[in-house]
Amino acid sequence: MKLLEQELITLCIGFAGVGGICLVTGFAYVSIWTCTGEQQALRIQKEFVRAYLNQDAARFDQNNHDTFQILQGILRDKSRMHPCRTTKLGTSLVHISNAICRQVADVYSCMAVALLLNTPLALIMLCEMPVASTILDLFNVCIRRVKKRSSAEMAHAGGWN
């Protein structure tokens, strides 16, 4: 019976280790693809703003009497871009928060099972919690930096804040 219990503990610790590795790689995978997507979206937005401003500037060079129409066209173009950006950002935040909530629910359910089955396993899982929260904080810092850089680039390119 002791041998079976020891083997079960070893198996549970192994599963906890694999779960921790999956958590780390999952967050790394999501953060890398999110950063890549943000960089790509930033590049597309910069080119989009540059193309619209060049188009409007060329029209201004040809027709210098209708300045009001050109400014109105720039504002109209900018207002078309803003809903696309907020929709994309909102959708990605919803997906990220859903993934985080699912993982938090999985962690709590694993903790409950571990507390019922074996207290040392629960203590090992509790020791992994600070590591997981540190990884989550690093992920949030990376996302925040990319968003700040994106906002600064858009403001510099003539976009919005």
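The values are calculated or read from the model by the stated rules, or taken from the named source; none is laboratory data. As the structure is a prediction and not an experimental result, all values here were calculated from the model. Because the Cβ atoms are built from the backbone with ideal geometry, glycine has one as well, and the counts that use them run over all protein chains shown.
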>> Any residue in segment 25-48 that is over 17 Å from residue 132 (Cα atoms) sitting within a Cβ distance under 6 Å of a residue that is surrounded by fewer than 17 Cβ atoms within 10 Å (Cβ to Cβ) and hydrophobic (A, V, I, L, M, F, W, C)? List the pairs, counting only those 6 or more apart or interchain.
In response: 46/157
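Rundown of residues vs (1) over 29 Å from residue 147 (Cβ atoms); (2) touching a Ser or Thr at 6+ places or on another chain (Cβ under 6 Å); (3) modelled with pLDDT of 70 or more; (4) in a helix (DSSP H, G or I), yes/no style:
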| site | (1), (2), (3), (4) |
| --- | --- |
| 52 | no, no, yes, yes |
| 68 | yes, no, no, yes |
| 84 | no, no, no, yes |
| 106 | no, no, yes, yes |
| 111 | yes, no, yes, yes |
| 116 | yes, no, yes, yes |
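Could you tell me whether residue 155 is assigned to a helix (DSSP H, G or I), under 20 Å from residue 39 (Cα atoms) and modelled with pLDDT under 75?
Numbers: assigned to a helix (DSSP H, G or I): yes; under 20 Å from residue 39 (Cα atoms): yes; modelled with pLDDT under 75: yes.
It is true that residue 155 is assigned to a helix (DSSP H, G or I), under 20 Å from residue 39 (Cα atoms) and modelled with pLDDT under 75.
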>> What pairs come out if I take residues in segment 117-144 that are without any contact (Cβ under 8 Å) to a residue 12 or more places away in the chain and pair them with residues that are surrounded by 12 or more Cβ atoms within 10 Å (Cβ to Cβ) and aliphatic (A, V, I, L, M) whose C-beta lies under 6 Å away, six or more apart or interchain?
In response: 122/114; 122/115
